[in-house]
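Novice: Below you'll find the structure I mean.
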Amino acid sequence: LRANFSIIQKETGFVNGLIAVLHDITEQEKIDAERREFVANVSHELRTPLTTMRSYLEALAEGAWKDQEIAPQFLNVTQTETERMIRLVNDLLQLSKMDSKDYRLNKDWVNFNDFYQRIIDRFEMGRSQSVTFKTKLPNELLYVEIDTDKMTQVLDNIISNALKYSPEGGQLRFKVEKNEKEGEIVISVSDQGVGIPRENLKNIFERFYRVDKARARKLGGTGLGLAISKEMITAHGGRIWASSIEGKGTTVYFTLPYDSTNEDEWS
Ligand code: ADP
């Protein structure tokens, strides 16, 4: 808040009034600062893979292309970096679409348990590590009105993080619980991975925030996955948060409003 003061003085010299004009500039300044930071982050995130690619391409052009062993390795690096940039640009497009005013969800009523189970199965089939899966879903129909494409993206982000940060032989736990009082379901994904320090927990949903930048980058992340998930969950009228113990594991939770009156019609 910025205040401009004008003192009203009579010829006698006595102050008999004060005019204060208050401008609410903080909100606008905050938005401007955030925008500047965002552009700086985007530029940095794009420059990193580009400079890597440039040095590998230079080396190839200077003769490494003739080396049968090195050439494929260098090409592989440029490919990985290109893929990272594509992911980043796709995430940025997604965010800018969500920021626009005419952003709409394409909602359908679905039984959340079936929907969730299908996504879990897909990850279980495709996983390469020795990670085990444990699922606990309520034994009843839970109808929620969701944009299934967006919700799939949210769960893909959360589950792939859980896998990425899991140790060999770790367990992933998937849970859905009904909170009848609040009229919502609470969905959670737990891992037994590296965990997140308490002071960083609330930041992980910010754009480009990473606890360990080097590690996150090595694992191919864009730093936007959870920020996108948060926007999507908020658009669905839900909340998202995480709890974690360092070295023990992380749980990401989110809620979705569920309509109990709808239940009877479907059962
Ligand atoms: P990224 O693309 O880097 O994974 P996200 O937005 O998905 O970006 O996550 C932000 C950061 O939160 C990650 O870089 C990582 O530091 C941390 N994080 C997210 N999920 C987990 C998890 N399951 N275990 C440990 N750290 C996590």
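Novice: For region 74-152, what are Rg and Dmax over the alpha carbons, in angstrom?
Specialist: 17.6, 53
Novice: Right, here's the next one. Using amide H atoms built in the peptide plane, which far-off residues or other-chain residues are under 5 Å from Ile185 H to H?
Specialist: Sorted by chain and number, the residues that satisfy this are Asn179, Leu256, Tyr258.
Novice: Please list the radius of gyration and Dmax for region 110-267, considering alpha-carbon atoms only, with Å as the unit.
Specialist: For region 110-267, the Cα-based Rg and Dmax read 15.5, 51 Å.
Novice: Now for a separate question. Please state the Cα pair-distance histogram of the chain with 5 angstrom bins from zero: what percent is in each bin?
Specialist: Whole-percent P(r) values from 0 Å outward: 1, 5, 10, 12, 13, 13, 11, 9, 7, 5, 4, 3, 3, 2, 1, 1, 0, 0, 0.
Novice: Amide H of Leu172 versus every other amide H placed in the peptide plane: which residues, excluding those fewer than 5 positions away on the same chain, fall under 5 Å?
Specialist: Thr132, Phe133, Lys134
Novice: Please report, to two decimal places, log10 I(q)/I(0) for region 119-182 at q = 0.12, 0.15, 0.24, 0.27 Å⁻¹ as given by the Debye formula with identical point scatterers on the Cα atoms and no solvent.
Specialist: After summing over all Cα pairs, the log10 values are -0.37, -0.56, -1.16, -1.29.
Novice: Which residues does the label zone of Lys178 cover in region 118-160, counting backbone N under 17 Å from a point 7 Å along Cα→Cβ?
Specialist: Hits in region 118-160 for Lys178 at 17 Å: 136-145.
Novice: Along each principal axis of its Cα atoms, how long is region 27-102 end to end? Whole angstroms, biggest number first, please.
Specialist: Principal-axis extents of the Cα atoms in region 27-102, largest first: 57, 24, 12 Å.
Novice: Which of Phe174, Phe115 has the fewest other C-beta atoms within 10 Å, and how do the rest follow up to the most?
Specialist: Phe115, Phe174
Novice: Pairs Lys107/Lys218; Lys134/Lys218; Lys101/Lys175; Lys30/Lys213; Lys107/Lys136; Lys30/Lys107: which exceed 31 Å Cα-Cα? Don't jump to the answer; show the numbers that get you there.
Specialist: Details: Lys107/Lys218 36 Å; Lys134/Lys218 28 Å; Lys101/Lys175 34 Å; Lys30/Lys213 25 Å; Lys107/Lys136 25 Å; Lys30/Lys107 33 Å.
Where the Cα-Cα span goes over 31 Å, the pairs concerned are Lys107/Lys218; Lys101/Lys175; Lys30/Lys107.
Novice: Give me Glu45, Glu180, Glu145 sorted ascending by neighbouring Cβ count inside 10 Å, so fewest comes first.
Specialist: Glu180, Glu145, Glu45
Novice: Also, quick follow-up: Determine, for Leu172, Leu18, Leu163, Leu95, the number of other Cβ atoms within 10 Å of each Cβ, and report the residues in order from fewest to most.
Specialist: Taking fewest neighbouring Cβ atoms as first place, the list is Leu18, Leu95, Leu163, Leu172.
Bear in mind these aren't lab numbers, they're just calculated from the coordinates by the rules spelled out. What you are looking at is a predicted structure, and each value in this text was computed from that prediction instead of being measured. All Cβ positions, even for glycine, are placed from backbone atoms using ideal geometry, and neighbour counts span all protein chains on display.
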